[in-house]
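The values are calculated or read from the model by the stated rules, or taken from the named source; none is laboratory data. What you are looking at is a predicted structure, and each value in this text was computed from that prediction instead of being measured. Every residue, glycine as well, gets a Cβ built from its backbone with ideal geometry; the counts of neighbours run over all protein chains shown. Remember, those area values only see protein heavy atoms, side chains included, never the ligands or the DNA or RNA. Shrake-Rupley method; radii C 1.70, N 1.55, O 1.52, S 1.80 Å.
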Amino acid sequence: MGHKTSSKSFRLALTQNWESNWHKSLNFAGLLAQDTHVRNYFMGIFKTLGVLVYRCQIDRFYKTINIKVYIYDVLNEKKKLDTVKIKESIAKICQTDVNQNINLEFIEAKTIFQDANLLGQFLAYRLEKHTSVKKLLFDLKKEFQQLEEKPSYNKNQKFTSNQTKTIKGIKITLAGCFQGIEMARKETFQLGQVPLQTLKANIDYAKTTAYTVYGAHGIKVWINYR
């Protein structure tokens, strides 16, 4: 049997970082459960609005909680959120006082290649909307080529967290019973270079599941950034 290692956890403290930053020796399990509930809360409220939440960064300090929510609007519609109500819900989840400083920041991605988890959720969203696998991969290849042909696609340019990152290669694996065929199969799609064994390579990895009328489809995404 093969022992698989996540490409993201394999590179922690090298090219990847933790999504929760805090230190407390006591009640570690309680704080970890609170962070999970906060992420599920944001995914629940944004799912009804047609918005994908692909990352939630939580930083805890003394009497201060900083939360950065990275989103992608699939329907391209502007929504208004009641931040006061959201902060009250977060304070209830974290079992803290409402007067405690809770800083919220929403960062919207410009392309689906901004994060591996975002690309995986987008593929799951398209599969759940009855899009065929061949058309999905063809559209993905076309969009990736258009991203490379943009004038602003500079290999030596440094990008911030809310801007488009420069991509060196992507790899996608889809598994399941596609289009009602009883025998399950696996489709692998790759563009560019994705060296999984190179620790210096900035590779982002995500795994998600698409629940369709034909059954559950497993999706794995690797993105190699420069």
Residue pairs within 7 Å by beta carbon, gap of at least six or interchain, first lying in region 120-131 and of a type in the set (A, V, I, L, M), second surrounded by fewer than 17 Cβ atoms within 10 Å (Cβ to Cβ), listed first then second, are ALA124/THR209
When SER7 is run through (1) assigned to a loop (DSSP other than H, G, I, E, B); (2) at pLDDT 85 or above; (3) over 29 Å from ALA201 (Cα atoms), the failure sits at (3)
Within region 195-226, restricting to residues that are of a type in the set (Ser, Thr, Tyr) and either touching a strand residue (DSSP E or B) at 6+ places or on another chain (Cβ under 6 Å) or open to solvent by less than 10 Å² (accessible area, probe 1.4 Å) (or both), the one that is modelled with the lowest pLDDT is TYR225
By residue number, the members of region 11-48 that are at pLDDT 85 or above, closer than 23 Å to GLN197 by Cα, surrounded by fewer than 16 Cβ atoms within 10 Å (Cβ to Cβ) and more than 15 Å from the chain's Cα centre (by Cα) are LEU12
GLN95: passes all of (1) more than 23 Å from LEU31 (Cβ to Cβ); (2) in contact (Cβ under 8 Å) with a residue 60 or more places away in the chain; (3) not in a helix (DSSP H, G or I) but (1)
